[in-house]
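Following: one structure in structure tokens, then a few remarks.
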Amino acid sequence: MSSAATPEPQLPLRYRREETASSPGVNALPREPKRVLVLGATSGIAEATCRLWAERGDSLFLVGRSADKLAAVAADLRTRGAGYVDTAVADLDQTASHPELLTHAVNSLGGLDIAFLALGVLGDAPESERSFAEAGRILHTNFNAPVSLLTWLANYCAQRHQGTLAVLSSVAGERGRKSNYVYGSSKAGLSTFVDGLRNRIDREGVRVMTIKPGPVKTAMTEGMKGRAKFADVDAVAATLVSEIDKGTAIVYVPAKWRVIMAVIRMIPDRVFKKLNL
């Protein structure tokens, strides 16, 4: 989609900001609440991150596939203090619907400060080895759909010379491993796309972030071997909120994964092939 084709949202007159009830320090400026779009809002990491945004009074537009789960998340965020919450039930695999959906979301928020893309599936790894249908499903959800969303969002933000696009990828994309190479390749492709997008529009005043978590205790990883050692989702969310505020280009979470993956990338292929990873 070209920049010229990006719809110009009509911002509603009803959208007005009020300062949060908390009192800033004497010499501090009041914090302006953020307008945050969350795509894949019912995922474990997204939900935990939204709770923190809500507690500081930010405005949220949530997109998810399950109406019941989305309604429950929205209700919880309102009770936590979100300045504004709106939702849209949508299957983000349907890329043709993205322009209309995103225009509606931006109109509802009255603009956009942060877009957090948390959509994705782990998929059935053994089935993806046997069936292109399953491999293709994983690749479409984890790569094609985010690329479609990011193309629209990047053009929207670049035209306005502001905004942060935070994209949830994975350390699994750092090197192909026999245990999950289809999932890993989808995340590798996404990370490379986001790297290129950042290089393209960073000069336009838009911050583009690649977020690479290791395994996290969420519903997606339920029943996985070694789950007891996975990262706590609330700790991951706290890191993400902090790093998104900073606009850090590439975030490994927990931070130890930056070192772990650097070591894994350096292992010679003749050795790597013998490892049970």
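Here, each number is a calculation from the coordinates, and none is a lab measurement. The structure displayed is predicted, hence computed values, not measured ones. Glycine also receives a Cβ, built like all others from the backbone with ideal geometry; neighbour counts cover every protein chain displayed.
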| In whole Hz, what ³J(HN,Hα) sequence does the range 129-144 give by Karplus (6.51, -1.76, 1.60; θ = phi - 60°), x for Gly and Pro? | 6, 9, 10, 5, 4, 6, 4, x, 4, 4, 5, 5, 5, 8, 10, 4
| note | By the mean-Cβ-within-10 Å protection proxy, highest first, 121-128, 199-206 rank as 121-128, 199-206
| request: Extending each Cα 7 Å along its Cβ direction at Ala249 and Arg80, get the distance between those two points in nm, one decimal. | output: 3.1 nm
| task | Would you work out the charge dipole size for the chain about its Cα centre, treating the Cβ of every Lys and Arg as +1 and the Cβ of every Asp and Glu as -1, and quote it to the nearest 20 debye? | result | 1020 debye
| field | Extension gain from Leu275 to Arg200, taking 0.36 nm per residue of separation minus the Cα-Cα distance | value | 23.3 nm
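Excluding Ser128 itself, what net charge comes from residues whose Cβ is under 9 Å from its Cβ, given Lys and Arg +1 and Asp and Glu -1?
Its environment carries a net charge of -2.
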| request: Please report, in cubic angstrom per residue, the volume enclosed by the convex hull of the alpha-carbon atoms of the range 44-121. | output: 84 Å³
| query | Going by alpha carbons, how many degrees (0 to 90, nearest 10) lie between the helix axis of 256-266 and the longest principal axis of the chain? | reply | 40 degrees
| said: I need the peptides 33-39, 103-109, 47-53, 89-95 ranked by packing, meaning the mean over residues of other C-beta atoms within 10 angstrom, with the highest value on top. | reply: 33-39, 47-53, 103-109, 89-95
| Going down the table (Lys229/Lys256; Lys212/Lys256; Lys187/Lys229), which pairs top 18 Å between alpha carbons? | Lys187/Lys229
| field | the range 72-177: Rg to Rh, with Rh as the Kirkwood radius over Cα pairs | value | 1.02
| request: Name the residue farthest towards the positive end of the dipole of the range 32-272 from the options Pro146, Ala75, Ala54, assuming +1 on Cβ of Lys and Arg, -1 on Cβ of Asp and Glu, about the Cα centre. | output: Pro146
| Could you give the length gained on full extension between Met220 and Ser179, defined as 0.36 nm per residue of separation minus the Cα-Cα distance, in nm? | 13.2 nm
| message | On the Cα set of the range 109-167, report Rg and Dmax in Å, please. | response | 15.1, 46
| message | What number results when the radius of gyration of the range 32-272, computed over Cα atoms, is divided by 2.2 N^0.38 Å? | response | 0.98
